[in-house]
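Colleague: Below you'll find the structure I mean.
Values quoted throughout were computed directly from the atomic coordinates according to the rules given, and no laboratory measurement underlies them. Predicted, not measured: the structure shown is a model, and the values here were computed from it. Glycine gets a Cβ as well: all are built from the backbone with ideal geometry, and neighbour counts include every protein chain shown.
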Amino acid sequence: MQQYLFMSRSMTTAQRAARLLERNGINANVVKAPQKLSTNGCGYAVVIAGRYYEAYKLLSDNNLITGKIFKRSNSEDYREVTG
Amino acid sequence: MIYLDNAATTLIKPPSVERSVVEALRTMASPGRGGHQPAIKAAETVFNCRVEAAELFNVSDPEQIVFTMNATHALNIAIGSMVEKGSKVLVSGFEHNSVVRPLYAAGARVSAAGRRLFDRNDTLNDFESKISGNDLVVCTHVSNVFGYTLPIYDIAELCARKGVPLIVDASQSAGILDVDFKRLKAKFVAMPGHKALFGPQGTGILICRDGGRPLMHGGSGADSKLTHMPEYMPDRLEAGTHNVCGIAGLLSGIRYVKEKGTDRIFRHEQKLLNIAKEKLEGIECVEIFAGEDQSGVISIRISETDTEEAAQRLGEKGICVRSGLHCSPFAHRSAGTIDTGTIRFSFSTFTNEKNVYDACRAVREICKKDR
């Protein structure tokens with residue numbers, strides 16, 4: 001099971017992103033981002049399970065990629081996704 | 001009781017507003033602060049209100065919607081973002097102290113355009129002749145004293161043509177008239193939540209073109225290691241925990257307005273305004289301030305009767321109106337009523353025709369008694 005975290009610059013942007021994904025049939029949740037991934041301390045992220053490329057395109061097309069993207073598989077730690 | 005002080009605060013709200021406030025009080029915590037259910041529920045409510053407000057006012061992104069305590073708070077942020085000491089600022093002749101005082105406090109050099117009541121040509125021509133050389137225009141959409149609806153879209157066009165940024169005070173128009181942010185091309189549009197948007201007191205909205213200067217600094221729930229407010233919106237202008245209960249009520253109020261439609265609300269208030277004009281015109285001792293381009297607000301004076309005393313006597317008859325200067329000495333100077341003030345009747349979608357007939361009858365009784 002793979003999880004993708006789209007780090008977001010703000011709660012509002014994360015909410016916009018999650019709503020866009022939900023509207024397009026991709027389950028998405030807004031969560032508090034892990035501290036180790038939040039450069040400036042406390043942040044929000046959108047989490048999806050799978051359908052990464054579809055989600056990436058939707059968010060990218062709507063200027064909603066505002067931070068780094070991380071991937072986690074099962075018990076692995078987060079790894080940054082580039083592109 | 002007949003409540004005709006809706007230009008200050010709408011007292012009668014859609015029932016959904018009250019329900020939402022209570023639900024928020026019971027189930028919602030700090031939005032954007034925690035990951036638990038009550039915090040997420042609060043954040044969803046705040047976000048939904050941004051989305052609905054953005055739709056109502058034709059704003060591209062919900063990030064451009066900033067929640068404030070009231071229109072005064074919103075105007076203080078807007079003016080504080082645009083004005084430096086010595087800035088030249090042109091305002092209409094009908095501004096509220098929520099515009100005038102922050103401008104003077106910031107050290108602006110203020111001049112006024114268009115001081116003739118219900119004369120849109122004079123307003124527009126005067127703005128046209130005075131706008132050059134100004135750093136900013138601040139203009140109300142509707143006078144809170146007289147209901148005069150200024151030609152705001154023409155003024156906005158003029159500002160855009162001359163390259164002068166615009167701040168619009170939509171305190172008396174939001175929820176009644178078309179307030180179209182894209183068409184206004186304004187830097188900021190400020191409005192209260194507690195008037196025609198039917199939110200509770202303690203709510204307001206500032207629509208921002210592209211950011212602003214924070215008036216308050218503090219926690220925003222994100223980027224906590226930074227010693228300054230984040231650059232991104234709306235967090236940049238929203239320090240501290242939101243008024244979630246108020247915003248929940250405001251969300252229901254905005255939904256009510258959208259469902260009912262501003263056109264319908266405006267038509268209803270026009271009908272009441274016309275009844276008031278007709279009935280008050282028939283009373284000899286009453287001086288009415290009425291004209292074209294008037295929204296659901298009307299001011300009167302009763303000859304040889306102090307405006308505050310008249311309002312007090314109307315209050316004793318169960319009719320709630322506002323008297324005096326309405327925090328708008330600028331408008332009263334323009335209209336020549338600065339020494340007396342006026343008695344103001346203001347309607348809402350919950351005011352009915354009988355309310356207006358009864359209020360006019362009460363005015364007639366006061367006149368008779370004083371003669």
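Colleague: Condition first: part of a loop (DSSP other than H, G, I, E, B) and either within 14 Å of another protein chain (Cβ to nearest Cβ) or surrounded by fewer than 16 Cβ atoms within 10 Å (Cβ to Cβ) (or both). Can you find one or more residues in the stretch B:10-20 that meet it?
Modeller: yes
Colleague: Could I ask something else about it? Do you know which of the residues in the stretch A:1-27 that are crowded, with 19+ Cβ neighbours inside 10 Å and under 20 Å from A:Asn74 (Cβ atoms) is nearest to the other protein chains (Cβ to nearest Cβ)?
Modeller: In this case the residue turns out to be A:Leu5.
Colleague: Now for a different question. What are the residues in the stretch B:317-351 that are of a type in the set (A, V, I, L, M, F, W, C) and either surrounded by 17 or more Cβ atoms within 10 Å (Cβ to Cβ) or more than 19 Å from the chain's Cα centre (by Cα) (or both), if any?
Modeller: Within the stretch B:317-351, B:Ile319, B:Cys320, B:Val321, B:Leu325, B:Cys327, B:Phe330, B:Ala331, B:Ala335, B:Ile338, B:Ile343, B:Phe345, B:Phe347 qualify.
Colleague: Further, regarding this structure: Checking the conditions here, which among B:Lys182, B:Lys195, B:Lys187, B:Lys225 is crowded, with 21+ Cβ neighbours inside 10 Å and more than 30 Å from B:Arg26 (Cβ to Cβ)?
Modeller: Every option except B:Lys187 fails the conditions.
Colleague: Just to be sure I understand the filter: pairs with C-beta atoms under 7 Å, separated by 6 or more residues or on different chains, first member in the stretch B:244-263 and surrounded by 24 or more Cβ atoms within 10 Å (Cβ to Cβ), second member of a type in the set (D, E, K, R) and in a helix (DSSP H, G or I). Which pairs pass?
Modeller: If the second residue must be of a type in the set (D, E, K, R) and in a helix (DSSP H, G or I), the pairs left are B:Ala248/B:Glu23; B:Leu251/B:Glu52; B:Ile254/B:Glu52.
Colleague: Further, regarding this structure: Might you check whether a residue that is of a type in the set (Asp, Glu), under 14 Å from B:Leu251 (Cβ atoms), within 12 Å of chain A (Cβ to nearest Cβ) and assigned to a helix (DSSP H, G or I) occurs anywhere in the stretch B:34-53?
Modeller: Checked the stretch B:34-53: at least one residue is of a type in the set (Asp, Glu), under 14 Å from B:Leu251 (Cβ atoms), within 12 Å of chain A (Cβ to nearest Cβ) and assigned to a helix (DSSP H, G or I).
Colleague: Now a separate question. Name the residue, out of B:Asp135, B:Asp169, B:Asp126, that is touching a strand residue (DSSP E or B) at 6+ places or on another chain (Cβ under 6 Å), charged (D, E, K, R) and more than 24 Å from B:Gly291 (Cβ to Cβ).
Modeller: Testing whether each residue is touching a strand residue (DSSP E or B) at 6+ places or on another chain (Cβ under 6 Å), charged (D, E, K, R) and more than 24 Å from B:Gly291 (Cβ to Cβ) leaves just B:Asp135.
Colleague: Can you tell me which residues in the stretch A:31-54 are crowded, with 16+ Cβ neighbours inside 10 Å and more than 7 Å from chain B (Cβ to nearest Cβ)?
Modeller: A:Ala33, A:Ser38, A:Ala45, A:Val46, A:Val47, A:Ile48, A:Arg51, A:Tyr52
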